[in-house]
Amino acid sequence: MTTTTEEEVGLTPTRSKRQVGDVVFARIALVAGLAIMVALAGVFIFLAIEGIPGFTQDARFYGPDATTFLGYVGPLVYGTVLAAVLALILAVPLAFAIALVISHYAPRWLAGPIAYVIDLLAALPSVVFGLWGIDVLAPKLVPLFVWLEENAGFLPFFADPVNPAGTTILTAGVVLAIMILPIITAISREVFAQTPKLHQEAALALGATRWEMIRMTVFPYSRSGMISSVMLGLGRALGETMAVAMVLAPGGLYTLNLIGNENPNSIAGNIARRYKEGTPGTVAVLIATGLVLFLVTFLVNFAGRWIAGRAERKMNR
């Protein structure tokens, strides 16, 4: 009895080609990953070398409101985090809702155009958002700010006086929310669509409504991806420069008032405004603040990855 070998039916060449393709792809992926690590290390080394002198500069380079680097960078970190948190509060629920509509509610003929329009927002330059925010959005928000001051002025967030131009930290938060919306929506949409159909059909077969099915199957399966999308959006919001610099009119240090004249500045916006001064001491101080922003963004993304990995490990138990 004769047997047919793999060489006779041509399996070995195909398998060999697949193995070569896997090896090539693995090496390309490894090189790309290492290139990213090298680039990050290069940025950190540059910021460290050029920025460390800024920690001990003379007080005149910090401006009239600070005498030490900590007193100078503290309000900037506060303003950066405040604007990013406001953007997340506004964008995350809307982004998850849009992603669910595209993946589970809207018919295919409607889901495609919605996803396309949302993705187009990511292609717009930040300066366009800044121009739109300062010329269109800010004046339109002034009546809302007045209403908030009249009806919720007892809260420190909406206290008097109202900025008549609308160039407030809340306006900057709205602009940032629109800018990070496509990132969170796109990633969440893809993660929601990867939920096993068998799990969804089993929940529906047991009598669950569509929302109950989403709550019991889609959200638990997609938790790590949702956290990752939020962290990526937060990273974009923390590092945004031109839109914040154009929309925000800084004038205060630490404040909880979101609609007033005394708005905290952001690190990126402050660098964009002051870099034209060009003196060596000022540039060193600004690079030092950039190093602080780099570290804050790194820690935020590290924490996000740790949370996402922890949630994924819990799901696999």
In order through region 290-298: 3J(HN,Hα) via Karplus (6.51 cos²θ - 1.76 cosθ + 1.60), integer Hz, x for Gly, Pro
x, 5, 4, 4, 4, 5, 4, 5, 4
Order 154, 55, 298, most accessible first, counting only protein heavy atoms with a 1.4 angstrom probe.
154, 298, 55
Restricting to DSSP H runs of at least four residues, report the calculated mean residue ellipticity at 222 nm for the chain, -39500 (n - 2.57) per run over all residues, nearest 500 deg cm²/dmol.
-23500 deg cm²/dmol
Would you please classify the overall shape of region 146-300 from the alpha carbon gyration tensor, given that a ≥ b ≥ c denote the square roots of the eigenvalues, rounded means a/c under 1.5, and beyond that prolate means a/b larger than b/c while oblate covers the rest?
oblate
If you roll a 1.4 Å probe over region 157-233 with all protein chains in place, what percent of the accessible area is carbon or sulfur?
66 percent
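Given N residues in region 214-305, what is Rg(Cα) / (2.2 N^0.38 Å)? Walk me through the numbers on the way to the answer.
Numbers: Rg = 17.2 Å, N = 92, 2.2 N^0.38 = 12.3 Å.
Output field value: 1.41.
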Going from most exposed to least, what order do 104, 199 have by accessible area with a 1.4 Å probe?
199, 104
Take the Cα coordinates of region 59-122, assign each an equal point scatterer, and use the Debye formula without solvent to give log10 I(q)/I(0) at q = 0.24, 0.27 Å⁻¹.
-0.97, -1.05
Which percent of Cα pairs goes in each bin when the distances of region 28-170 are cut into 5 angstrom slices starting at zero?
2, 7, 8, 10, 13, 14, 16, 13, 9, 5, 3, 1, 0
Based on Cα positions only, what radius of gyration and what Dmax would you give for region 203-245, in angstroms?
16.8, 53
Over region 75-185, give the accessible area per residue in Å² for a 1.4 Å probe, as an integer.
47 Å²
Hey, with R₀ at 22 Å, roughly what FRET efficiency would residue 50 and residue 85 work out to, going by the Cβ-Cβ distance, to 0.05?
0.15
Over the heavy atoms of residue 150, what accessible area does a 1.4 Å probe trace out, to the nearest 10 Å²?
130 Å²
Against the longest principal axis of the chain, how steep is helix 219-239, in degrees 0 to 90 to the nearest 10, with axes from Cα atoms?
40 degrees
How big is Rg to Rh over the chain, alpha-carbon atoms, Rh as the Kirkwood inverse-mean-distance radius?
1.09
Nonlocal amide H pairs with residue 263, under 5 Å, H built at 1.01 Å
251, 252
R0 = 25 Å: FRET efficiency of residue 160 with residue 273, Cβ-based, nearest 0.05?
0.40
Between residue 65 and residue 194, what FRET efficiency follows from the Cβ-Cβ distance if R0 is 41 Å, with the result rounded to 0.05?
0.25
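The values are calculated or read from the model by the stated rules, or taken from the named source; none is laboratory data. Computed from a predicted structure; not experimentally measured. In this analysis, Cβ positions are derived from the backbone assuming ideal geometry, glycine residues included, and neighbour counts consider all displayed protein chains. Accessible surface is based on the protein model in full, side chains and every heavy atom, while ligands, DNA and RNA are left aside. Shrake-Rupley method; radii C 1.70, N 1.55, O 1.52, S 1.80 Å.
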